[in-house]
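The values are calculated or read from the model by the stated rules, or taken from the named source; none is laboratory data. Predicted model only: the values in this text are computed from it and were never measured. Virtual Cβ from ideal backbone geometry, glycine too; neighbours counted across all protein chains shown.
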Amino acid sequence: MEDLYLPAVSRRKLLGLSTVALAGAVPRAACPEPEPDDYPAPPAAPDLTLYKHESKPHGHEDRPPLTPPEDLMREHGVLKRVLLVYREGIRWIEHDEQVPAHALHAAARVIRDYIERYHEYLEERYVFPRLRKAGRLRHTVSVLEVQHKRGRELTTRILAATKHSHASSHRREALVDDMAAFISMYEPHESREDTVVFPVFRKVTPAKEFRHLGEVFEAEEHRRLGQRGFTSVVHRVADIEKALDIHDLSQFTPPKSSPHREEGGRSAR
Ligand SMILES: [Fe+2]
Ligand SMILES: [Fe+2]
């Protein structure tokens, strides 16, 4: 099978924050193999009758259902917030601060429980097979599937590396490499899904099936994550951001430009 693993990338360039040389997003020979139960169930053919007669959760009767891409894209929003947490974790480690192991472990658990076992499960079970059936985006879908697998390997290692708060310098470096590789892969991964894969998925899916899938996704979310599924995950991520002091949205707003700034120059902060 073709190995579509990403070539080495410049993390310095991609992260825009790194001060340490971050070479190649490559797997480490010494890292543990993912455990079999770390993987979600393999995708099967879509069974759209599964939730046909299921009543909507209490309080949701009159709300218009989310469309499948809307649902998947808000899940990408959770993923983006975890990428921000990983980026902040890298910054702490590179500035020789203590490894925020607890926060990073909690973030990796959100990836495992919500992104890998739920979001990617939906993509692999409902979105990718529909595109294959329509003969669309074959190569892109293959790459995305390989990236899901690589992501699970990285998450297994990040979970292992953040289990304890004290880490050797080698382990800290490995953790930085793995989080940087995760960020480098998932930023283009989710952007491609949002801008290419989901629009084509909408185009090739008959309207009736498309509407029904929205209900299927919602029912799946409540079955797996409880009634407050998405909201509870957002709260989990917000708590992690608070622990790292990156929760205040306004801290990301750049200062107002000075009208007297020298031409060609840009103030550092
Ligand atoms: Fe994906
Ligand atoms: Fe996705």
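General observations
- Lone unmet requirement of (1) modelled with pLDDT of 95 or more; (2) away from ligand 2 (no atom under 15 Å from the Cβ); (3) among the charged types (D, E, K, R) for Glu97: (1)
- Scanning segment 96-105 for residues that are surrounded by fewer than 17 Cβ atoms within 10 Å (Cβ to Cβ) and in contact (Cβ under 8 Å) with a residue 40 or more places away in the chain yields Gln98, His102.
- The residue pairs whose first member lies in segment 106-122 and is closer than 20 Å to Leu213 by Cβ, whose second member is aromatic (Phe, Trp, Tyr) and within 14 Å of ligand 2 (Cβ to nearest atom), and whose beta carbons are closer than 7 Å, counting only pairs six or more residues apart or on different chains, are Leu122/Phe217.
- Helices (runs of 4 or more DSSP H) fully within segment 90-197 counting 3 or more residues that are within 27 Å of Glu241 (Cβ to Cβ) and within 11 Å of ligand 1 (Cβ to nearest atom): 138-161, 169-192
- Pick from segment 184-207, criterion within 11 Å of ligand 2 (Cβ to nearest atom) and acidic (Asp, Glu), ranking: nearest to the chain's Cα centre (by Cα): Glu190
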